[in-house]
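Engineer: A single structure is presented below for examination.
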Number of protein chains: 2
Amino acid sequence: MIYYKKKDFPTSKIRKFLEPGPIVLVSSMWKGESNIMTMGWHTMMEFTPSLFGCIISGSNHSFELIRKSKECVINIPTVNLAREVVGIGNCSGSDVDKFKKFSLTVAKGSKVKAPLIKECFANFECRIKDSRMVSKYNFFIFEFLKAHVAVSPKYPTTLHYRGEGVFMVSGKHASFRNKFRSENL
Amino acid sequence: MIYYKKKDFPTSKIRKFLEPGPIVLVSSMWKGESNIMTMGWHTMMEFTPSLFGCIISGSNHSFELIRKSKECVINIPTVNLAREVVGIGNCSGSDVDKFKKFSLTVAKGSKVKAPLIKECFANFECRIKDSRMVSKYNFFIFEFLKAHVAVSPKYPTTLHYRGEGVFMVSGKHASFRNKFRSENL
């Protein structure tokens, strides 16, 4: 297991890690029960306040934990956690304690009671901002309250799901900074 | 320029190309005026009907073209179009004809009047399904009506934006298919 040393990170810059579209692990807690789910359908929605929208199906055990507690943590796993990511998506929190089953470590947040996953590259604590689209689309809008990001490496090697059991692994980086107008960065 | 040979693709499987989180080009047309914009804040929302949510800021020239025509095309550019992607994000359709400026070719769709970008790996024709979240969040929900995808390669090499002028380029693929329960694929 890799344990990243982390530091506080500005919530207004979280797009750096979520806009590229990685699979994330969502951790939650309600009345002492915690759970983890994998999630691939999500998008940034605003810089400040830092808003994030995502689909959490009502068939997930986490759905009610998040809906009732009104909070969760978005954790970014790196490629070394691929087996855990797949395993977490393949069992239900109604049957097993996923932290125990996958030997993941709980870290405490400062803004929410939901557990952070220590082994992940980044952890974003968030609270439900708007639940009007939940009944029709299972679409939640969260506000990020606090971000913890690994000191290094600069960019995580992340997993991006294509369906059918296939993941794309994030590749190299290219900067076009000098081609951008500053207001469009 | 690369011109992909394309075939019809099932709209229920579009997640294969959008869930990994690539930068997309959005093309639109209203009363004879067409435009293209770059977009990185989007998510799949449902398989069938095939729904897609995204943020299109009111400051984009495309915003009104899409809102009025109620349709657009989501095009997936590959890494060979990086300069065009950056350039398109750096100028406004109120000043220039982007198809002409970037030497891109219009292809005709079958379900919408908005132009398809021939040089892109895939083109997804769509229509607004729900605009209730537009005034508050600039969040549009589209339904995909028709998909055109390159016959090869199997997976496109896509651009994933991190902000600050930096793109992550999609990397290798890994299949964990035999680790999944079939209903979770």
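The values are calculated or read from the model by the stated rules, or taken from the named source; none is laboratory data. No experiment lies behind these values; they were computed from the predicted model shown. In this analysis, Cβ positions are derived from the backbone assuming ideal geometry, glycine residues included, and neighbour counts consider all displayed protein chains. Just so you know, the surface numbers come from the protein's heavy atoms only, side chains and all, with ligands and any DNA or RNA stripped out. Shrake-Rupley method; radii C 1.70, N 1.55, O 1.52, S 1.80 Å.
Engineer: Within the bounds of the range B:88-102, is there any residue that is touching a residue at least 60 places away in the same chain (Cβ under 8 Å) and under 14 Å from B:Phe124 (Cβ atoms)?
Structural biologist: The answer is no, given that none of the residues of the range B:88-102 is touching a residue at least 60 places away in the same chain (Cβ under 8 Å) and under 14 Å from B:Phe124 (Cβ atoms).
Engineer: Just checking, how many residues over the range A:43-56 are within 10 Å of chain B (Cβ to nearest Cβ) and under 21 Å from A:Cys91 (Cβ atoms)?
Structural biologist: 2
Engineer: Mind telling me which of the residues A:Ala122, A:Ala114, A:Ala107 ends up being in contact with a strand residue (DSSP E or B) (Cβ under 6 Å, 6 or more places away or on another chain) and within 14 Å of another protein chain (Cβ to nearest Cβ)?
Structural biologist: Going through A:Ala122, A:Ala114, A:Ala107 in turn, the sole match is A:Ala122.
Engineer: Would you point out the residue of the range B:154-185, among those that are among the aliphatic types (A, V, I, L, M) and closer than 17 Å to B:Cys120 by Cα, that is nearest to the other protein chains (Cβ to nearest Cβ)?
Structural biologist: Among residues in the range B:154-185 that are among the aliphatic types (A, V, I, L, M) and closer than 17 Å to B:Cys120 by Cα, the one nearest to the other protein chains (Cβ to nearest Cβ) is B:Val169.
Engineer: Being within 17 Å of the chain's Cα centre (by Cα), at positive phi and either modelled with pLDDT under 95 or not acidic (Asp, Glu) (or both) narrows it down to one residue among B:Asn123, B:Asn138; which is it?
Structural biologist: B:Asn138
Engineer: Would you confirm whether or not the range B:12-24 contains a residue that is touching a residue at least 24 places away in the same chain (Cβ under 8 Å), more than 13 Å from chain A (Cβ to nearest Cβ) and not basic (Lys, Arg)?
Structural biologist: For the range B:12-24, residues touching a residue at least 24 places away in the same chain (Cβ under 8 Å), more than 13 Å from chain A (Cβ to nearest Cβ) and not basic (Lys, Arg): absent.
Engineer: Being in contact with a helix residue (DSSP H, G or I) (Cβ under 9 Å, 6 or more places away or on another chain) and among the aliphatic types (A, V, I, L, M) is the filter here, so list the residues in the range A:44-78 that pass it.
Structural biologist: A:Met44, A:Met45, A:Leu51, A:Ile55, A:Ile56, A:Ile74, A:Ile76
Engineer: If you go through the range B:68-76 one residue at a time, do you hit one that is modelled with pLDDT of 95 or more, within 11 Å of chain A (Cβ to nearest Cβ) and open to solvent by less than 50 Å² (accessible area, probe 1.4 Å)?
Structural biologist: Taking the range B:68-76 and keeping what is modelled with pLDDT of 95 or more, we get B:68-76.
Narrowing the set further to residues that are within 11 Å of chain A (Cβ to nearest Cβ) leaves none.
Scanning the range B:68-76 turns up no residue that is modelled with pLDDT of 95 or more, within 11 Å of chain A (Cβ to nearest Cβ) and open to solvent by less than 50 Å² (accessible area, probe 1.4 Å).
Engineer: From the list B:Ala114, B:Ala107, B:Ala82, which one is under 23 Å from B:Thr48 (Cα atoms) and of a type in the set (A, V, I, L, M, F, W, C)?
Structural biologist: Answer to the check: B:Ala114.
Engineer: Only residues that are aromatic (Phe, Trp, Tyr), touching a Phe, Trp or Tyr at 6+ places or on another chain (Cβ under 6 Å) and closer than 22 Å to B:Trp30 by Cα: list them for the range B:113-165, please.
Structural biologist: Those that are aromatic (Phe, Trp, Tyr), touching a Phe, Trp or Tyr at 6+ places or on another chain (Cβ under 6 Å) and closer than 22 Å to B:Trp30 by Cα: B:Phe124, B:Phe142, B:Phe144.
Engineer: While we're here: Name the pairs whose Cβ atoms lie under 8 Å apart, with the first residue in the range B:146-175 and free of Cβ contacts under 8 Å to residues at least 24 places away in the same chain, the second assigned to a loop (DSSP other than H, G, I, E, B) and of a type in the set (Gly, Ala, Ser), and 6 or more positions between them or separate chains?
Structural biologist: Every condition considered, the pairs that remain are B:Ser175/A:Gly165.
Engineer: Limited to the range B:84-136, what total is found for residues that are over 18 Å from B:Ile74 (Cβ atoms) and open to solvent by 50 Å² or more (accessible area, probe 1.4 Å)?
Structural biologist: 9
Engineer: Of all residues in the range B:15-45 being open to solvent by 40 Å² or more (accessible area, probe 1.4 Å) and more than 20 Å from A:Leu18 (Cα to Cα), which is nearest to the chain's Cα centre (by Cα)?
Structural biologist: Here the residue is B:Met29.
Engineer: Go through B:Ser57, B:Ser62 for me and flag whichever is in contact (Cβ under 8 Å) with a residue 12 or more places away in the chain, on the phi < 0 side of the Ramachandran plot, out of contact with any His (no Cβ under 8 Å at 6 or more places or on another chain) and in a helix (DSSP H, G or I).
Structural biologist: Of B:Ser57, B:Ser62, the one residue that is in contact (Cβ under 8 Å) with a residue 12 or more places away in the chain, on the phi < 0 side of the Ramachandran plot, out of contact with any His (no Cβ under 8 Å at 6 or more places or on another chain) and in a helix (DSSP H, G or I) is B:Ser62.
Engineer: Can you name the condition, by its number, that A:Ala147 falls short on among (1) touching a helix residue (DSSP H, G or I) at 6+ places or on another chain (Cβ under 6 Å); (2) more than 20 Å from A:Glu71 (Cα to Cα)?
Structural biologist: The failed condition is (2).
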